[in-house]
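In what follows, a structure is listed as structure tokens, so that the remarks can point back to it.
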Amino acid sequence: MLWFAGERFDAQAELGFGFKDSVTVSDRNVVVKQAVVLVGGLGTRLGERTRLVPKPLLEVAGRPFLDYVLDEISRYPAIQEILLLACHRAGQIVDRYEGKRWRNAAISVISEPAQLGTGGALKHAAAQLDQQFILLNGDSFFDFNLLDMVASHATGSCMARIALKRDQAGDRYGRVLLEQDVIKAFLPAGARTNGPINSGVYRIDREVLHMIGDVPCSLEQSVFPRLAANAKMRASLYDGFFIDIGIPDDFERAQIELPQRVRRPAVFFDRDGVLNVDKAYVYRIDDFEWISGARDAIKLCNDLGYLTFVVTNQAGVARGYYGIDEVNQLHDWMNRDLAEIGAHIDEFQYCPYHEAGIIEEWRKASDHRKPAPGMILDCLEGWPVRKEASLLIGDQRHDLEAAAAAGIQGHLFEGGDLVAFVRPLVEAAGMKAEATVNNRGA
């Protein structure tokens with residue numbers, strides 16, 4: 001049983017659905033591994049465009065809009081499962097995505113029998129939902145550090161946290177009134193205020209499902225106002241690029257702006273001696289020690305919208321000191337540790353080869369071993385990188401030589417606080433990247 005605002009809710013008896021496992025409201029520090037995307041709306045404001053095609057599958061610059069959303073979600077290593085909640089023309093969603101993997105995330109599609117509303121869609125999918133999950137709309141894109149919202153949620157006593165877009169122009173958006181980070185009220189579209197808008201991105205505790213009764217049910221109209229009235233809903237403010245393709249003007253605007261915005265500058269970090277203290281061939285978690293300011297430097301890059309990569313020579317594999325599994329395990333642990341402060345590395349690139357190795361499999365020269373640029377070039381090819389505003393941070397001359405060979409700026413870190421070293425570099429490069437985007441869009 002769950003008591004909320006004087007009412008008793010029994011999920012099994014009263015709402016008629018089951019859960020993966022039991023959960024308590026006090027359990028706030030669970031790692032979020034699941035993202036749920038609402039892709040079932042009719043898209044009536046787009047007219048004939050959506051009569052035969054689901055709105056999230058409308059093409060933006062030659063790709064379905066939903067592909068951009070999935071690219072963004074799957075950047076985060078913690079996200080291992082993506083659920084698509086479909087209805088209108090659901091078969092097209094199933095055909096394109098069911099059973100696929102998007103980077104490291106497995107995709108499943110759950111089809112509604114009828115239009116159930118945003119709350120009803122969650123109720124229909126309840127048996128497949130984790131105790132905490134990220135919820136997004138499949139017809140909007142918001143460029144912000146998703147893990148920052150996740151980490152912030154873990155520190156507060158609330159059932160849902162919303163990512164708000166600060167000062168979004170347009171009278172078609174509802175606004176949100178805040179007291180610090182507590183949501184006090186939702187104002188309808190057309191309200192005369194320039195306050196933040198609800199971006200449609202949430203971290204939600206599954207207890208919210210207990211408040212969904214008859215369907216169709218709207219989270220935004222029926223559930224969230226009740227949470228706000230009981231101080232159970234909080235918010236985080238962000239300034240990133242936001243677009244919703246729900247009306248023709250914004251759909252056309254997305255054709256130009258979205259492909260530009262998903263190209264981001266990148267920061268490439270060497271590992272040993274830059275992110276962690278170089279103790280010679282570090283591979284055990286117990287031996288790993290973050291450089292002062294390293295975690296904060298990575299989060300700064302995430303918050304400013306940079307792609308963030310690690311490129312590291314790991315000749316210890318060729319020399320027989322440790323194996324590939326140990327390298328991957330350490331890198332996985334680094335991302336878990338970073339997630340606690342709302343940070344992540346988009347990709348780890350490492351080179352296990354060395355000409356003097358004793359392990360035959362890894363004993364050879366490689367164009368991925370710095371000062372060769374292979375690891376950097378792989379990232380430039382595999383990700384939408386804005387190369388002209390990208391940079392590398394290394395502690396050896398061969399790091400800078402690799403950067404130069406790849407055509408990006410290299411900066412030598414000689415110790416001290418890493419975030420203090422990185423901040424002026426990324427802020428200057430970020431202004432350059434923003435100016436480039438604005439000039440192209442003019």
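The values are calculated or read from the model by the stated rules, or taken from the named source; none is laboratory data. Every value quoted in this text rests on a predicted model; they were computed, and no experiment measured them. All Cβ positions, even for glycine, are placed from backbone atoms using ideal geometry, and neighbour counts span all protein chains on display.
Each row is one residue, and each column tells you yes or no for (1) over 16 Å from the mean Cα position of the chain (by Cα); (2) among the hydroxyl-bearing types (Ser, Thr, Tyr); (3) at pLDDT below 95.
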position	(1), (2), (3)
Leu83	no, no, no
Gln92	yes, no, no
Arg103	no, no, yes
Ser108	yes, yes, no
Ala127	yes, no, no
Asp130	yes, no, no
Ala151	no, no, yes
Gln168	yes, no, yes
Could you list all residues from the range 302-321 that are more than 27 Å from the chain's Cα centre (by Cα) and either part of a helix (DSSP H, G or I) or more than 18 Å from Phe268 (Cβ to Cβ) (or both)?
Ala315, Gly316, Val317, Ala318, Arg319, Gly320, Tyr321
Scan the range 358-371 and tell me whether some residue there is of a type outside the set (D, E, K, R) and under 25 Å from the mean Cα position of the chain (by Cα).
no
Which members of the range 216-240 meet the condition of being aliphatic (A, V, I, L, M) and surrounded by fewer than 19 Cβ atoms within 10 Å (Cβ to Cβ)?
Ala229, Ala231, Leu237
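Looking for whichever is more than 24 Å from Phe144 (Cβ to Cβ), at pLDDT 95 or above and not assigned by TED's automatic domain parsing to the domain that holds Ala105 here; the options are Asn335, Asn302, Asn328. Which one fits?
Among Asn335, Asn302, Asn328, only Asn328 is more than 24 Å from Phe144 (Cβ to Cβ), at pLDDT 95 or above and not assigned by TED's automatic domain parsing to the domain that holds Ala105.
Taking Gly190, is it under 18 Å from Lys232 (Cβ atoms) and more than 16 Å from the chain's Cα centre (by Cα)?
No: the conditions fail for Gly190.
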Of the residues in the range 370-394, those that are charged (D, E, K, R) and either surrounded by 19 or more Cβ atoms within 10 Å (Cβ to Cβ) or not assigned by TED's automatic domain parsing to the domain that holds Asp417 (or both) number 2
Would you confirm whether any residue within the range 282-299 is closer than 23 Å to Ala35 by Cα and assigned to a strand (DSSP E or B)?
no
I need the full set of residues from the range 270-281 which are part of a strand (DSSP E or B) and either closer than 20 Å to His368 by Cα or modelled with pLDDT under 95 (or both), in order please.
Asp272
Kindly list, by first and then second residue, each pair from a residue in the range 349-363 that is on the phi > 0 side of the Ramachandran plot and at pLDDT 95 or above to a residue that is polar (S, T, N, Q) and crowded, with 18+ Cβ neighbours inside 10 Å, limited to pairs with Cβ atoms under 6 Å and residues at least 6 apart or on different chains.
none
For Gly195, work out the one condition from (1) in contact with a helix residue (DSSP H, G or I) (Cβ under 9 Å, 6 or more places away or on another chain); (2) in contact (Cβ under 8 Å) with a residue 12 or more places away in the chain it doesn't fulfil.
(1)
Select the helices (runs of 4 or more DSSP H) contained entirely in the range 322-428, then report the ones holding at least 2 residues which are hydrophobic (A, V, I, L, M, F, W, C) and within 30 Å of Val31 (Cβ to Cβ).
324-339, 374-382
Condition first: in the same structural domain as Asp148 (by TED's automatic domain parsing), free of Cβ contacts under 8 Å to residues at least 60 places away in the same chain and in contact with a Phe, Trp or Tyr (Cβ under 8 Å, 6 or more places away or on another chain). Can you find one or more residues in the range 203-222 that meet it?
no
